């Protein structure tokens with residue numbers, strides 16, 4: 001394959017071709033610390049998969065093992081169906097972008113991008129042509145002769161991306177490449193990375209601890225915890241149908257609402273809703289995990305917050321404590337009469353109905369909820 005301007009493709013984004021990358025029961029220990037504990041994960045050809053999780057969950061270790069910078073203590077790492085655990089770094093055909101850019105300070109943007117091609121023995125004319133095409137692809141054609149200190153952080157990261165792509169990698173590896181950038185540049189650059197990844201069709205693994213970043217960019221997200229994948233799914237499925245309490249709480253915001261198991265369902269706030277998964281034993285004290293957008297608020301009459309008004313609506317009485325504006329949505333914080341804190345998202349154009357101190361009735365949408373018992 002040769003790079004031929006902005007329409008070049010590295011691989012077709014066709015997951016029917018099977019797994020481009022596969023971790024099979026990978027174990028990695030650092031002394032007494034187990035970083036990866038039987039990690040298994042498949043990445044389809046042309047996919048962008050984000051490894052998401054808290055610090056120390058093993059996501060960067062997994063990326064470094066794939067790149068060849070770390071060894072495995074057990075298991076296999078397959079690239080195109082071939083185990084690469086004993087393959088030298090320079091023979092793995094990986095392109096990697098680090099958090100800290102790692103550009104050569106005495107080289108221009110063009111020379112930085114062309115460096116890998118020079119190591120591979122490409123001629124000067126071919127190197128310059130490929131570098132020019134890739135700098136154009138990342139929107140830096142006008143900055144080709146500038147040195148890293150003359151570029152902004154976002155521009156330096158674009159050069160690093162172009163350099164990683166110049167070697168035509170089978171897999172592009174991104175290790176928290178945006179975390180050092182300010183919020184506005186981070187949003188712009190993640191959109192650019194996704195555009196370029198789709199345009200080239202290159203299989204990509206993206207490590208991040210930022211859930212918004214993962215949700216906005218990835219085809220699938222693998223949420224990691226203690227060296228294993230808890231769940232791997234498309235962003236909407238991961239958010240709407242998490243399979244474990246850890247995933248539910250790590251991706252997005254969750255309310256922890258007290259309740260009981262009654263007839264295999266969750267009784268909370270005077271309502272009974274289904275339980276997602278196996279229900280705990282009858283009568284168990286539980287916490288139901290409910291997202292703020294699944295909480296419904298109904299204002300109580302200001303002049304009458306009596307038992308009559310309370311009894312006419314389902315749910316539990318609460319008082320508005322505070323509100324935070326997030327553009328089209330306002331997040332309302334409430335405290336129920338039983339002392340339970342609840343977060344609810346309402347459309348901002350309706351937020352004036354819920355001023356601080358206002359009495360409201362709180363209920364939840366009638367759909368299955370994840371629960372956990374008082375024992376975890």
In µm²/s, what is D for region 253-373 at 37 °C and 0.692 mPa s, where D = kT/(6 pi eta Rh) by Stokes-Einstein and Rh is the Kirkwood radius from Cα pairs? 223 µm²/s
Between residue 199 and residue 335, how many nm apart are label points set 7 Å from Cα along the C-beta direction? 5.4 nm
Return one number: the angle in degrees, 0 to 90 and rounded to the nearest 10, between the long axis of the Cα atoms of helix 153-166 and the longest principal axis of the Cα atoms of the chain. 60 degrees
Within region 159-180, list the residues whose amide N lies under 18 Å from a label point set 7 Å along Cα→Cβ of residue 98. 159-167, 172-180
Please compute the modelled spin-label separation between residue 272 and residue 24, points set 7 Å along Cα→Cβ, answer in nm with one decimal. 4.9 nm
Separation of the residue 240 and residue 87 label points, Cα + 7 Å toward Cβ, nm: 3.8 nm
Footprinting proxy, 24, 89, 251: sorted fewest to most Cβ within 10 Å, the residues are 89, 24, 251
Nearest 5 is fine: what % of DSSP beta bridges in region 5-248 come out antiparallel, could you say? 55 percent
Percent relative contact order of the chain, based on C-alpha pairs within less than 8 angstrom and at least six residues apart? 16 percent
The exposure ranking of 215, 36, 51, fewest beta-carbon neighbours within 10 Å first, is 215, 36, 51
Helix 183-200: angle to the longest alpha-carbon principal axis of the chain, degrees 0 to 90, nearest 10? 60 degrees
Per residue, how big is the convex hull around the C-alpha atoms of region 23-174? Give it to me in cubic angstrom, could you? 132 Å³
Only one of the values (i) 85, 45, 38; (ii) 78, 48, 44; (iii) 57, 44, 40 was calculated from this structure for Cα extents along the principal axes in Å; name its label. (i)
Can you tell me the 0 to 90 degree angle between the C-alpha axis of helix 109-119 and the longest principal axis of the chain, rounded to 10? 60 degrees
Test of understanding: what is the full-extension gain from residue 349 to residue 40, defined as 0.36 nm times their sequence separation minus their Cα-Cα distance? 106.7 nm
At a 10 Å Cβ-Cβ cut-off, how would you order 122, 59, 71, fewest neighbours first? 71, 122, 59
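Since every read-out is calculated from the coordinates, none of them should be taken as a lab result. This is a predicted model, so every value here is computed, not measured. Counting neighbours? That spans all protein chains shown, and the Cβs are built from the backbone with ideal geometry, glycine included.
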